[in-house]
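The values are calculated or read from the model by the stated rules, or taken from the named source; none is laboratory data. Treat the numbers as computed from the prediction; the structure is a model and nothing was measured. In this analysis, Cβ positions are derived from the backbone assuming ideal geometry, glycine residues included, and neighbour counts consider all displayed protein chains.
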Amino acid sequence: MSSAAELPSPAGLPPATAQAHGADEASPTIDVATGARVLRPNGAKKVVGQPDPADDPAQAGERPYPGGIPEATVARLPVYLRALYTLADRGVGTVASEELATAAGVNSAKLRKDLSYLGSYGIRGVGYDVDYLVYQVSRALGLTQNWPVVIVGAGNLGRALANYGGFVTRGFRIAAVLDTDHALVGRELGSAPVRHVTELESIVSGSGVAIGVIAVPAGAAQGVCDRLVAAGVTSILNFAPVVLTVPEGVDVRKVDLSIELQILAFHAQRRSAERFGQVAGQAAAEA
């Protein structure tokens, strides 16, 4: 795939199908159509002894949604969603904020504040409705629609990504896998066809692709990135070990496994040094 960037470039998503159900009675929501009023879903009754956000003018006013969510909160929402899916798979119907926070690795106060940006407030003594919270977080992340994704690079990593079945159940569809190797073109990886990289522009425009995954060697990554951006892709997941340069308005998320391993090595080394120091200190005390 090293020559992908050097090849010459040739000259309405389905509506959301997810439904909110099992709504938390005390949870105010934002009307997606208007983005304005805070209401109790499904005509739920007011919880006695608790303040009702629908009665509070300060909270019932306009709240930016889905915009206005802090970047740090956005980064934690997928972690909450993963924990919620695990709970749902176990048949858990409601979850306390402390339990969900522990599963997500954050403190409960931070979790409750994060979820408040979505208009979600659990019932005191009961918690959050798991299914409804899955819907709220999915909606905030834009996962209630089917996002076409193109993977550039059909090497070991590209094949592994294409064969990962979790994308389909999380709101993503692999539209195509692109590569320079003619021997691979026409094959199926998972449910996606392998197409030649010269078709990149036509696939992006024809399938409405907004997300591109770069799984090529470092030397080809910037050229592939440039072509994706020129074709209209505004979100890129980069697995290549290189920093990409993109224009304003294009988001890049970088996944570098070697860096993660190096960070883990640092922590392992520190723990080892601490244990060695403890052993040495104990031996000195016993001498």
Out of the residues in the range 141-170 meeting the condition of being of a type in the set (Val, Ile, Thr) and over 25 Å from Leu118 (Cβ atoms), tell me which one is surrounded by the fewest Cβ atoms within 10 Å (Cβ to Cβ).
Val150
It is to be established whether one or more residues within the range 108-124 are among the hydrophobic types (A, V, I, L, M, F, W, C), surrounded by fewer than 18 Cβ atoms within 10 Å (Cβ to Cβ), at pLDDT 85 or above and more than 30 Å from Arg195 (Cβ to Cβ).
yes
Among the candidates Arg195, Arg124, Arg187, Arg159, which residue alone is of a type in the set (Lys, Arg) and closer than 25 Å to Val250 by Cβ?
Arg195
Going through the range 217-276 one residue at a time, which ones are of a type in the set (Phe, Trp, Tyr) and within 30 Å of Leu141 (Cα to Cα)?
Phe239
Which members of the range 178-196 meet the condition of being assigned to a strand (DSSP E or B), surrounded by fewer than 20 Cβ atoms within 10 Å (Cβ to Cβ) and not charged (D, E, K, R)?
Pro193, His196
Take the residues in the range 127-140 that are assigned to a helix (DSSP H, G or I) and more than 12 Å from the chain's Cα centre (by Cα), then tell me which one is surrounded by the fewest Cβ atoms within 10 Å (Cβ to Cβ).
Asp131
Name the residue, out of Gly212, Gly232, that is farther than 20 Å from Gly155 by Cβ and modelled with pLDDT of 90 or more.
Gly232
Do we have any residue at all in the range 245-260 that's part of a helix (DSSP H, G or I), of a type in the set (A, V, I, L, M, F, W, C), surrounded by 10 or more Cβ atoms within 10 Å (Cβ to Cβ) and at pLDDT 90 or above?
no
Would it be correct to say that Arg173 is assigned to a strand (DSSP E or B) and of a type outside the set (A, V, I, L, M)?
yes
